[in-house]
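Here's the structure we're looking at; comments come further down.
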Amino acid sequence: MSDETASDRRNSQRLENQTSTIQSLMASAANAAWLRPLLSGAFFAIALWLLHHEFNAYEAADVAASFRSIPINVVLAALFFTACNYTVMIGYDWLGVKLVKHPLSFKQVTIASLLYYAFSNSLGALFGGTPVRVRLYSGWGMTSPEIVRLIVVIATAFWVGLFSLAGLLFVCAPFDIPDRFNLPLANSRPLGIIMLILASTFFAGCALRKTPIHFHGINFQPPPLRIGLAQVGIAMCDFLFASATLFILLPADVGIGFFPFTAIFLLAIIIALISHVPGGLGVLELVFVTMLPQSSHGLVASLLAFRVIYYLVPLMIAIVSIAIASIVNVAKQTCKRRVDPNIDPRSRVGLVVDVTRVVAPRIITGAIFVAGLILLISGSLPAAEGRMKFVREAMPLPVVEISHLLGSIIGALLLILARALQRRIDAAWTLTAILLGAGIVVSLSKGFDYEEASVLAILLLALLPCRSYFYRKGSLLSPSISIDWLASIVMSLGLSIWLVLFAYRHVEYSGDLWWDFAYHGDAPRSLRALLGAAVVFTLVAVAKLLRARPSDPALPTESEFAEVESIVTLAQPTDANLALLGDKQFVFSEDRKAFAMFGCEGKSWITMGDPVGPQESADDAAWKFREACDVAGVYPVFYQVDESNLSRYIDMGLTLLKLGEEGRVPLADFSLEGSHRKDLRRTKKKSGEAGLQFKIIPRAEVPVLIPRLKVISDEWLADKPAGEKGFSLGFFNEAYLARYDIAVVTQSDQPIAFANVLRGANKQELSIDLMRYVEDAPHGVMEYLFLELMLYGSVEGYQYFSLGMAPLSGVDAHRLGSLWNRVSDLMFRHGEHFYNFQGLRAYKQKFDPEWTPKYLASPGGVSTARVLTDVTTLISGGLVKLLHH
């Protein structure tokens with residue numbers, strides 16, 4: 001048996017082993033996608049179960065009375081410390097921006113920081129505060145690598161500051177660990193020593209490390225020691241002010257000093273961060289109730305006040321600010337339209353508009369979820385006795401009963417509608433506005449709850465001027481429910497159930513409770529309200545399950561293809577023409593002004609580039625594609641997307657991977673003059689001496705030329721064992737080629753090379769797709785064709801000539817980098833046996849292009865291996881061809 005056959009067997013065995021490994025890893029990744037929300041839910045359930053036992057001695061009425069009796073001067077002091085805390089947190093971003101050396105103004109950094117922390121502190125674990133920061137900074141000119149470095153710098157400062165302060169306090173002001181936990185530690189001192197050791201490694205790196213640290217493809221340069229100390233100082237002030245906010249609210253009988261209390265406060269923060277429960281709800285309360293030396297209903301009231309002051313008040317201020325900014329935007333647009341009636345009503349008119357358009361939908365979505373939770377909580381608790389006296393005199397009993405039931409139903413609907421708002425569905429905006437108005441009425445009529453009515457009124461006033469941000473047409477049931485969102489809704493319902501059990505634990509349950517209607521019947525009302533909310537969730541779940549599943553994707557009909565063609569003619573990027581190859585399916589935006597083109601391979605649906613069309617319509621098409629993938633149970637993959645649209649895919653919860661860089665040659669002043677163009681002049685001269693001539697065949701004359709082009713293509717393919725590719729590359733298709741002008745190089749009046757000419761709208765871009773030449777063509781014939789096309793484009797007034805992407809170029813590699821980065825670098829430097837990536841980059845560089853990065857957006861994790869295999873297989877035309885490559 002030959003050595004070649006033995007080698008093939010070894011390669012086959014290695015391929016089988018690798019496939020088995022990848023399949024195992026993919027199964028692990030699928031499990032991991034469920035793991036975080038399940039762990040979060042488990043932490044929350046355990047916290048509620050333990051709190052139920054801890055709160056046995058407390059009455060809901062006593063807690064409410066203690067809450068209302070907190071002195072106003074104490075509340076004002078807590079608000080002051082909260083304001084100081086949020087002011088200090090601006091320092092995280094300001095020092096981070098300075099370290100990445102980006103010239104953002106202090107005003108921009110302040111806006112981004114305050115909005116991020118107001119949102120993230122309350123709801124970051126569910127809605128993700130990071131996209132708010134990413135959208136703002138990218139809109140202000142930060143590149144993706146700069147934003148990544150900024151986030152790493154801020155996260156490092158946060159954790160090092162947390163470990164530094166916690167370590168110091170755990171050692172210098174240790175607290176005892178209760179025996180009932182059965183832990184091997186008597187107090188916090190050993191934990192403090194470990195934290196100080198971990199924090200000291202950061203300071204050692206600042207003082208000694210002069211070269212970047214590479215971690216998972218990210219270059220992290222430790223800051224100078226002076227800056228590192230400043231970062232940690234900011235983090236320490238952050239935690240001290242947050243601790244002071246709660247400490248000032250504590251009742252006098254707690255009996256603990258500020259620094260020992262702060263040590264317990266930091267422990268609560270660490271456990272809450274580990275739990276991933278939004279806002280640490282239930283987890284923070286459990287730590288304080290079990291760790292503080294004295295616990296009382298006054299402590300529980302202080303924790304509730306802390307929730308309102310530290311979490312809810314900043315979120316409401318952010319909402320009001322967004323509303324005011326939106327109103328200012330409308331006023332400015334009105335004034336501008338009086339001067340120029342043709343102005344785009346959604347055009348940007350300054351920094352304020354940029355901020356509102358970027359963050360308003362996300363923050364409003366989170367606030368609506370909070371509003372729904374507030375209504376559910378209110379429906380689970382008894383009404384204040386003093387207010388019920390007024391209600392008995394002013395409201396008939398049926399109105400009170402119906403209002404209480406409707407309050408919880410509205411709360412449940414708002415939790416569900418928040419998901420549709422996140423997807424920018426216009427009907428969700430309309431229904432949410434109606435429900436907020438109804439919520440205000442029922443909050444007042446069921447128990448004169450003016451606090452929650454005020455919150456709902458603020459949200460309604462904030463929602464109204466933001467109408468233009470919710471523009472997508474679609475069904476309210478169309479957005480898929482992610483596991484994170486489902487877990488959050490289940491936790492909200494679980495909290496309501498727990499509150500009912502806690503508030504009415506002394507009420508003996510019987511079937512008659514369901515039919516007890518009376519002004520004093522708080523327990524029956526809460527039971528019916530809880531049932532109403534549960535019925536809403538059940539009906540929505542059943543409706544989603546019974547919805548007809550969309551049919552599998554098919555190639556477009558003639559009318560759909562005509563729509564695609566009309567959209568492509570208006571597109572400036574030339575790669576939009578790949579939609580006309582005839583090998584793709586399409587998802588259209590609701591207004592049919594944009595589409596996402598995609599192909600299916602394995603377990604992935606893969607778009608070619610960003611959706612094509614106007615920005616907002618393209619956003620809609622992207623979301624519809626994402627939702628279609630969720631329904632079909634496949635990976636959503638966006639291949640070769642632009643850096644300018646990355647925030648769109650971050651909003652979808654996708655992970656970004658750099659694929660390479662696209663080269664675009666500016667044509668405005670392109671010429672062959674100058675010493676740096678001598679090689680190109682030599683190419684043109686030699687081509688002329690070889691008798692080569694360049695011409696562009698008009699589209700109308702192409703059908704006559706097709707037979708000769710077919711001969712050239714077949715001869716070119718005969719020398720390429722891999723054969724035709726597709727999807728992201730053109731292939732020989734007579735109908736496809738007949739749509740375009742053809743650039744031809746002739747020798748002795750015979751075509752020897754050709755390429756179809758792609759033109760972007762408004763002469764923004766010129767490019768080619770399918771390139772072929774005969775076997776005995778003179779050396780450099782394609783370079784000559786490129787050169788002549790660029791000169792032609794310059795004369796015709798085109799802005800850029802696209803050379804396409806150099807795959808894997810610009811991807812960082814290091815022995816500590818991610819596996820993908822290291823494989824990418826290996827293929828880029830040594831892949832000439834397969835694709836000659838490095839030579840491709842060097843070849844394109846001779847035209848002095850501007851390089852812009854291209855990315856792949858996918859679910860990420862271990863699924864990336866499967867996604868990349870599917871993408872490569874799709875482009876190669878099938879698994880057999882891929883293995884042949």
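A few comments on the model shown:
- Flag if residue 621 is touching a Gly at 6+ places or on another chain (Cβ under 6 Å) and either assigned by TED's automatic domain parsing to the domain that holds residue 365 or without any contact (Cβ under 8 Å) to a residue 60 or more places away in the chain (or both): no
- Out of 207, 166, sole residue that is over 30 Å from residue 289 (Cα atoms) and of a type in the set (A, V, I, L, M): 207
- Residue in the range 246-261 that is in a loop (DSSP other than H, G, I, E, B) and within 32 Å of the chain's Cα centre (by Cα) present: no
- Flag if residue 461 is within 15 Å of residue 372 (Cβ to Cβ) and surrounded by fewer than 23 Cβ atoms within 10 Å (Cβ to Cβ): no
- Residue 794 vs. criteria farther than 22 Å from residue 682 by Cα and surrounded by 18 or more Cβ atoms within 10 Å (Cβ to Cβ): no
- Sole residue being farther than 30 Å from residue 108 by Cα, at pLDDT 80 or above, out of contact with any helix residue (DSSP H, G or I) (no Cβ under 7 Å at 6 or more places or on another chain) and crowded, with 17+ Cβ neighbours inside 10 Å, chosen from 47, 42, 64: 64
- So residue 150, is it assigned to a helix (DSSP H, G or I) and surrounded by fewer than 22 Cβ atoms within 10 Å (Cβ to Cβ): no
- Cβ pairs under 6 Å, 6+ apart, first in the range 133-157 and without any contact (Cβ under 8 Å) to a residue 40 or more places away in the chain and farther than 17 Å from residue 855 by Cα, second among the acidic types (Asp, Glu) and surrounded by 24 or more Cβ atoms within 10 Å (Cβ to Cβ): none
- Figure legend. Inter-residue proximity from the range 485-510: first residues farther than 27 Å from residue 652 by Cβ, second residues of a type in the set (D, E, K, R) and surrounded by 15 or more Cβ atoms within 10 Å (Cβ to Cβ), beta-carbon distance below 8 Å, spacing 6+ or different chains. Indicated pairs: 503/522; 504/522.
- Which numbered condition residue 359 misses (of (1) in contact with a helix residue (DSSP H, G or I) (Cβ under 7 Å, 6 or more places away or on another chain); (2) surrounded by fewer than 20 Cβ atoms within 10 Å (Cβ to Cβ)): (2)
- Residues of the range 706-738 that are at pLDDT 80 or above and outside any helix (DSSP H, G or I): 727, 728, 729, 730, 731, 732, 733, 738.
- Yes/no for residue 701 being in a helix (DSSP H, G or I), loosely packed, with under 13 Cβ neighbours inside 10 Å, in the same structural domain as residue 739 (by TED's automatic domain parsing) and of a type outside the set (Val, Ile, Thr): yes
- Within the range 85-126, tally of residues that are among the charged types (D, E, K, R), in a helix (DSSP H, G or I) and surrounded by fewer than 20 Cβ atoms within 10 Å (Cβ to Cβ): 2
The values are calculated or read from the model by the stated rules, or taken from the named source; none is laboratory data. Source: prediction; values computed, not measured. All Cβ positions, glycine included, derive from the backbone under ideal geometry; neighbour counts span all protein chains shown.
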